[in-house]
């Protein structure tokens, strides 16, 4: 009689949409924080000033504030999208 040792192993992600959602959400949150910190570091290195969200309100001009909003929105949005798609494709393979 041939017994497959993995035959009775249960994949915890198999039918658990809650578990998948938690995993995707957690990794997306981490990616957002990393993208934001990277953007802040890059801004400081390039412009030799902290980004507008780290400065006093009077010190940041409108051009910098708009540019920062576009940069942070794009970087965090792309990071979230990339991580969400990558994690979901890996989870489907499990």
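Each reported figure results from applying straightforward, stated rules to the coordinates on display, with no laboratory input. Being a predicted model, the structure only gives us computed values, none of them experimental. In this analysis, Cβ positions are derived from the backbone assuming ideal geometry, glycine residues included, and neighbour counts consider all displayed protein chains.
Backbone N atoms of the range 15-43 closer than 17 Å to the 7 Å Cα→Cβ label point of residue 90 belong to residues 19-35.
What area, in nm² and to one decimal, does the C-alpha convex hull of the range 53-94 cast on average over all directions?
Approximately 3.3 nm², given one-decimal rounding.
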